[in-house]
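Q: Here it is, the structure, as structure tokens.
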Amino acid sequence: MGVLRVGIIGAGAIAGDVHIPNYLSCGSKVEVVAIADIVIERAEELAKKFAIPHAFSSYEKMLTEVELDAVSVCVPNKFHAEASIAALEAGCHVLCEKPPAMTVEEAELMVETAEKSGRFLTFGFHYRYRPEVEIAKSFIDADELGEIYSARVHAIRRRGIPGWGVFTNKELQGGGPLIDIGVHMLDTALYLMGYPEPEIVLGKTHQRIGNKKGVGLFGEWDYENYTVEDMAVGMVTFKNGATLTLEASFAANVEKDETMQVSLMGDKGGADIFPLKIYQEKHNTLVDITPVYLPEAEGHEREIQQFVEHCLAGVQPLSTPEQGLIIQKIVNAIYESAEMGKAIQF
């Protein structure tokens, strides 16, 4: 099947801690041959650490001067679309970190470019690759839950505002917990529901804690320049009649430090995904099904391994451009609804 020659756009933590090590874990299937970052010192540092042959101060130069098969886009959200589009146009398959983009228009252009280029575009929704989700999907595919008509999505931290990076900068990120951690649980729910088309979205955002000094479990955040929401709440109705409610928060006065959960309700059964538990009525009684064994698997590792395998085999990776566009539409509609004070209808 050959060797996949990979370039990395962005030399931040997600590149150095996740993408590069997991590419290298694929062994002889992958060569990480180049990395680009506008701060050349960061690119050179990771190049030296991981024995990457080429480091560049711009991805444009990297795409021109090095022959690549695939690219990981690991830059702030504001630059996802332009970097992904450039890589696709240069003939590369693209694994872009979530969310897809900043706007629906950008996401649409990414989808169009992928179609025109004939290259694969996928997004970093790594929770899909966790064993709980894969097993839940098997139950759903076997009609154990029946028609899933409602879902609850939670991505809530007690005091988990990142004290590093640009996560609290709306100009660079597009938003706060909704577009950062909320999209993971939203994608997981939609994936298990079969990615229905949204019809109406209602949203509300709050900024009550992040814009003042406080206890930070993820380091001390810059409260004086905090421009994103601490919490987003949304409700989505879908064209197939299903509904979804969502809560995403960097900082909330709750008991647990972090809750990442998807709950599904179908007419034959329901499920909580993290940890996995199935709820059904069988043989004239109510039963709970709890797996006693789950294979050990880390979502990021499996995501990148499958990206490599799919690219080499010429098969679209699990997360499709069209699904990314639906995520972008819902996220932006929640923010738009919160700003306008009314529901958004598609």
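Q: Please work out if Asp267 is surrounded by fewer than 16 Cβ atoms within 10 Å (Cβ to Cβ) and charged (D, E, K, R).
A: It is true that Asp267 is surrounded by fewer than 16 Cβ atoms within 10 Å (Cβ to Cβ) and charged (D, E, K, R).
Q: With respect to Glu336, is the statement that it is closer than 20 Å to Gly174 by Cβ, in contact (Cβ under 8 Å) with a residue 60 or more places away in the chain and surrounded by fewer than 21 Cβ atoms within 10 Å (Cβ to Cβ) true?
A: Yes, satisfied.
Q: For the stretch 198-212, what are the residues that are open to solvent by less than 30 Å² (accessible area, probe 1.4 Å) and either part of a strand (DSSP E or B) or closer than 13 Å to Tyr335 by Cα (or both)?
A: Answer for the stretch 198-212, where residues must be open to solvent by less than 30 Å² (accessible area, probe 1.4 Å) and either part of a strand (DSSP E or B) or closer than 13 Å to Tyr335 by Cα (or both): Pro198, Val201, Gly203.
Q: When you scan the stretch 247-294 for strands (runs of 3 or more DSSP E) that lie fully inside it, which ones turn up with 2 or more residues that are without any contact (Cβ under 8 Å) to a residue 60 or more places away in the chain?
A: Answer list for the stretch 247-294: 277-282, 285-289.
Q: Take the residues in the stretch 109-131 that are within 30 Å of Ala297 (Cα to Cα) and not in a helix (DSSP H, G or I); name whichever of them is most open to solvent (accessible area, probe 1.4 Å).
A: So the residue we want is Arg119.
Q: Quick one: would you say Ile327 is more than 14 Å from the chain's Cα centre (by Cα), among the β-branched types (Val, Ile, Thr) and within 27 Å of Glu108 (Cα to Cα)?
A: Judged against the criteria, Ile327 is not a match.
Q: Counting just the residues of the stretch 213-246 that are surrounded by 15 or more Cβ atoms within 10 Å (Cβ to Cβ) and without any contact (Cβ under 8 Å) to a residue 40 or more places away in the chain, which one comes out nearest to Gln345 (Cα to Cα)?
A: The residue in question is Thr237.
Q: Checking the conditions here, which among Glu134, Glu106 is more than 18 Å from His80 (Cβ to Cβ) and open to solvent by 10 Å² or more (accessible area, probe 1.4 Å)?
A: Of the residues listed, the single one that is more than 18 Å from His80 (Cβ to Cβ) and open to solvent by 10 Å² or more (accessible area, probe 1.4 Å) is Glu134.
Q: Still on this model: Hand me the list of helices (runs of 4 or more DSSP H) wholly inside the stretch 3-101 holding 1 or more residues that are within 20 Å of the chain's Cα centre (by Cα).
A: 20-24, 80-89
The values are calculated or read from the model by the stated rules, or taken from the named source; none is laboratory data. Owing to the predicted nature of the structure, the values given are computational and were not obtained by experimental measurement. Positions of Cβ are backbone-derived with ideal geometry, glycine not excepted, and every protein chain shown enters the neighbour counts. For accessibility, only protein heavy atoms count, side chains too; no ligands or nucleic acids. Shrake-Rupley method; radii C 1.70, N 1.55, O 1.52, S 1.80 Å.
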